[in-house]
1. Just one of 335, 350 is touching a helix residue (DSSP H, G or I) at 6+ places or on another chain (Cβ under 7 Å) and not hydrophobic (A, V, I, L, M, F, W, C); which is it?
2. Do you know which residues across the stretch 154-196 are over 16 Å from the mean Cα position of the chain (by Cα) and of a type in the set (Lys, Arg)?
3. Search the stretch 35-46 for residues that are aromatic (Phe, Trp, Tyr) and pair each with any residue that is in a helix (DSSP H, G or I) and loosely packed, with under 12 Cβ neighbours inside 10 Å when their beta-carbon atoms are under 8 Å apart and the residues are at least 6 apart or on different chains.
4. Any idea which of 140, 175, 130 is among the small types (Gly, Ala, Ser), modelled with pLDDT under 85 and open to solvent by less than 10 Å² (accessible area, probe 1.4 Å)?
5. Across the stretch 450-471, which residue is modelled with the lowest pLDDT among those that are aliphatic (A, V, I, L, M) and crowded, with 17+ Cβ neighbours inside 10 Å?
6. Collect the residues in the stretch 396-416 that are under 17 Å from residue 443 (Cα atoms) and either of a type in the set (S, T, N, Q) or open to solvent by 40 Å² or more (accessible area, probe 1.4 Å) (or both), keeping them in residue-number order.
7. From the residues in the stretch 384-395 that are closer than 18 Å to residue 315 by Cα and either open to solvent by less than 40 Å² (accessible area, probe 1.4 Å) or free of Cβ contacts under 8 Å to residues at least 12 places away in the same chain (or both), which one is nearest to the chain's Cα centre (by Cα)?
8. Considering each of 112, 156 in turn, give the residue that is in contact with a helix residue (DSSP H, G or I) (Cβ under 6 Å, 6 or more places away or on another chain), over 20 Å from residue 40 (Cα atoms) and either open to solvent by 40 Å² or more (accessible area, probe 1.4 Å) or not polar (S, T, N, Q) (or both).
Amino acid sequence: MSVLPILARAHVASTRNHLTAQLGGVVQRNVVLAAGAILLLAYNSGVYVWSSSLLGGLIDDPAAAATIVPVLPIILTLPAYGLALILTMLLPVESPLALQARLLGASRWYCAVSEFLPIAVAVAVAAALGLGGSFVFLAGISAVPVATFLSLMLLAVAFGFLCQVVTLAVERVLGLLRVPPRERRLWGVIVAALGMSFVAVDLVRWAADGGRPRGFSLVASITGWWGGMLPQSWLAVLALAGLSTLLLVLGAALSSSDPAGGYLRAGTVAVRVPALRSFGGQLVATELATWMRDSTSRVSFGAMIAIDAGLVVAARSHMLDPGIVLLFLVLVSATGGELIIGRSRDINWTLRAIGMRDASVLWLRVGVVGVALTAVFTAAMFATGLIGNDPMRIAEAYSLFFAIFAIATLAGAVIPFDERAALGMFATSALSIVLEIVVIVMVTTILQLTGFALVAADLTVAAVCGAVTWVAFVRSRSAGP
């Protein structure tokens, strides 16, 4: 039997075992996969119904069709990029399979291709389950339905492969800088997600400009490439097949650039803790170093700074509404609270061993990270130039930040982050987002609070969340001696 299918099956089994470990068992894994398939089918049906009911009348209008139809292939196939992004987050970061296969004599290229074949099949199946309905709709309004359907399917697969290529390219560049594998994967996912956000913003600009965007437009470049409203020629099918193959080869080449499959890592430079005379200062310095030694915390903090900088640029250039900029500054800057409790849960016993009480341990963990996040938020908020010197606006911004930070910390205490089951972070973030939305809608839309009343409500939310976090923290003492 050829080496390639054996290695491909081994990668599938490795990924299946990884998901089983991350989700807590075979039953949980099967439930999650079945729920994912049902959600894809529901999305598929929903998009088809939406396309048929809402777009049918617009497409009958030649002027509207000339504006809307060319961008529909991008809108309806871009979710494949998101599906590939989710798949990338589910895949194991490091595996000994490539190293073991290389030691047994398998070529580096076989190892890389065998890793990409299961991904290719998974992306194609996910695209068919989640996007097939929209493809059928567009094929139905085309003069060449079969060619249009194949073109759209290949475009979706190309988007999926592009996500993998972007992620791997970032991982390889960071690998040259001796960044740990888990941190490389996180940065790769973030950069790939930012690329998808760029296309989404371009789509919004397309709609705002009536299909004739000013300046460079990636969407306009792609839609103009196939020379019509839809990619319905057989030449487009061949071209998209060639593009998908090229991305597959490029991704396999990037994967083969690491002969050990990320399993052998280079040493990293540790964050050293200075020796201080003050016991309290030593605790703070040690906590900062421990926080920065954690790869997830480093990536979260770096991404927060990068996004905050982008929001400052957007505010200065008047690209976004000032209220939206300030709201996103608060939400982004406070997300680091989700990791505080889970990151330190297994090492809290070291502080208790030297006589620190639970309250002191919690204040140290939350206070050090909270001060760092507040400093970044403060710098970004004043850099936007949106609040000026108005004390009330400054008080409203800080009170909302403290409330959101307290909510994020509470979510991290209720569902603590654990690197051994990193997929649980989705549940932590989901809980945090739901609570934040409820609070923001309650105080701004339902109660419509402003001024001192808004500040008082935000600080009350922060106090209540802090109290619940304390209770959850005390109950988590079973994590250590």
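1. So the residue among 335, 350 that is touching a helix residue (DSSP H, G or I) at 6+ places or on another chain (Cβ under 7 Å) and not hydrophobic (A, V, I, L, M, F, W, C) is 335.
2. Listed by number, the residues that qualify are 172, 178.
3. none
4. 130
5. It comes out as 454.
6. 396, 398, 399, 402
7. 384
8. Step by step, each of 112, 156 is checked, and only 112 is in contact with a helix residue (DSSP H, G or I) (Cβ under 6 Å, 6 or more places away or on another chain), over 20 Å from residue 40 (Cα atoms) and either open to solvent by 40 Å² or more (accessible area, probe 1.4 Å) or not polar (S, T, N, Q) (or both).
The values are calculated or read from the model by the stated rules, or taken from the named source; none is laboratory data. Everything quoted here is computed from the prediction, not taken from an experiment. Here Cβ is always computed from backbone atoms with ideal geometry, including for glycine, and neighbour counts include all displayed protein chains. In case anyone asks, the SASA skips ligands and DNA or RNA and just uses the protein heavy atoms, side chains included. Shrake-Rupley method; radii C 1.70, N 1.55, O 1.52, S 1.80 Å.
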